[in-house]
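Have a look at the structure below, then the notes.
The values are calculated or read from the model by the stated rules, or taken from the named source; none is laboratory data. Here the structure is a predicted model, which means the values were calculated and not measured. Quick reminder, even Gly has a Cβ in these numbers, built from the backbone with ideal geometry, and neighbours come from all protein chains shown.
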Amino acid sequence: MTKISVIIPTYNRLERLKNCLESFTKINYDKDLFEIIIVDDGSSQSLDNIIKSFEKILNLTYLKQENTGPATARNNGATKAKGKYLVFTDDDCEPDTEWLGHFNKIWEINPDAVLGGKTINKLTNNIYSQASQCLVDYLYKYYNFDTQKAQFFTSNNFALPKHIFKDLGGFNTTFPLAAGEDRELCYRLFQQDFTMIYVEKAIIYHAHLLTFKGFWRQHFNYGQGAKYFHSIKTKNIKVEPIKFYWQLLTYPLEWDTNNNQKLSIIFLFLLSQIANTFGFFLR
């Protein structure tokens, strides 16, 4: 009986997807108890060869859709899921061998818990990927300081009971860009008092290659996502205090990296906030 359905949206990243699926062959969890649902979001290249190379090793389901974004892909994957629990990750992520086991341990104690795990940047020599991950780490520290009452999880390491996901209507697919729909879903979960637990031991390794242009675009899109989020959640939206931004800019000093990287990340944090502001106020 399938207990966990892992849903992975993918778009034009064949090599990353191959690495992702390879990591699942090494996972320390009964392969009869989980399935993997790959949702191709309109890739220009066929995934057939990759799927064929893993379908005898892993319990795979392969879906195709027109290019309508990862939120729609995740929702479509969830409709085909056979598991009691849904676990979401991305095609550029590789789970630790104990990833699903750590989630399962929590569900054995609290079967209705909504869970989020820890993400580690795999591309440590890419300063933009490092800065992007450092920013996520800060947000987790700020919003999930009480691990048993967490408030925010990113969609690449996010797990919850299927019935809760279904009752809430899944990810909001009206966001104009792939930015903010995980925040919005977490907001709904938190507002309805679901138990949200940060599981630090549930680790995935993220290989998201970024350039200067890609870093700027990512955070510009986050600003646009934040603008849309505020437009649909006009009540009880909390504006973060000044200390939030001061602590954000100084957080890289706490990171376990060399001083040159710390200074570069602080600069990129400033840049990210400028890009975010532009995205929020410009159409």
* To do: Among what's in region 180-205 and is of a type in the set (D, E, K, R) and not in a helix (DSSP H, G or I), pick the residue that is farthest from Asn156 (Cα to Cα).
  => Asp193
* Is there any pair linking a residue in region 93-109 that is farther than 11 Å from Phe24 by Cβ and polar (S, T, N, Q) to one that is modelled with pLDDT of 95 or more and surrounded by 18 or more Cβ atoms within 10 Å (Cβ to Cβ), with Cβ under 8 Å and at least six apart or on different chains, and which? -> Asn104/Ile4; Asn104/Tyr29
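Results for (1) of a type in the set (Phe, Trp, Tyr); (2) farther than 23 Å from Asn12 by Cβ; (3) crowded, with 18+ Cβ neighbours inside 10 Å; (4) more than 15 Å from the chain's Cα centre (by Cα), shown as yes or no for each residue.
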position: Asp193; (1), (2), (3), (4): no, yes, no, yes
position: Gln224; (1), (2), (3), (4): no, no, yes, yes
position: Tyr228; (1), (2), (3), (4): yes, yes, yes, yes
position: Glu240; (1), (2), (3), (4): no, yes, no, yes
position: Tyr251; (1), (2), (3), (4): yes, yes, yes, yes
position: Trp255; (1), (2), (3), (4): yes, yes, no, yes
* Structure fact -> Considering only strands (runs of 3 or more DSSP E) wholly within region 1-92, the ones with at least 2 residues that are buried (at least 19 other Cβ atoms within 10 Å of the Cβ) are 4-10, 34-41, 85-88
* Asked: Just checking, how many residues over region 245-283 are of a type in the set (Phe, Trp, Tyr), in a helix (DSSP H, G or I) and either at pLDDT below 90 or within 24 Å of Tyr228 (Cβ to Cβ) (or both)?
  -> 5
* Select from region 123-142 the residues that are among the hydroxyl-bearing types (Ser, Thr, Tyr), crowded, with 18+ Cβ neighbours inside 10 Å and in contact with a helix residue (DSSP H, G or I) (Cβ under 9 Å, 6 or more places away or on another chain) and list them in ascending order. => Tyr128, Ser129, Ser132, Tyr138
* To do: Only residues in region 252-274 that are touching a residue at least 12 places away in the same chain (Cβ under 8 Å) count as the first member; pair them with residues that are among the small types (Gly, Ala, Ser), Cβ under 6 angstrom, at least 6 apart or cross-chain, and list the lot.
  => Ile265/Ala131; Leu268/Ala131
* Can we say Asp167 is in a loop (DSSP other than H, G, I, E, B), free of Cβ contacts under 8 Å to residues at least 24 places away in the same chain and among the acidic types (Asp, Glu)? -> no
* For region 118-150, which residues satisfy the criterion of being in a strand (DSSP E or B) and not charged (D, E, K, R)? -> Thr119, Ile120, Asn121
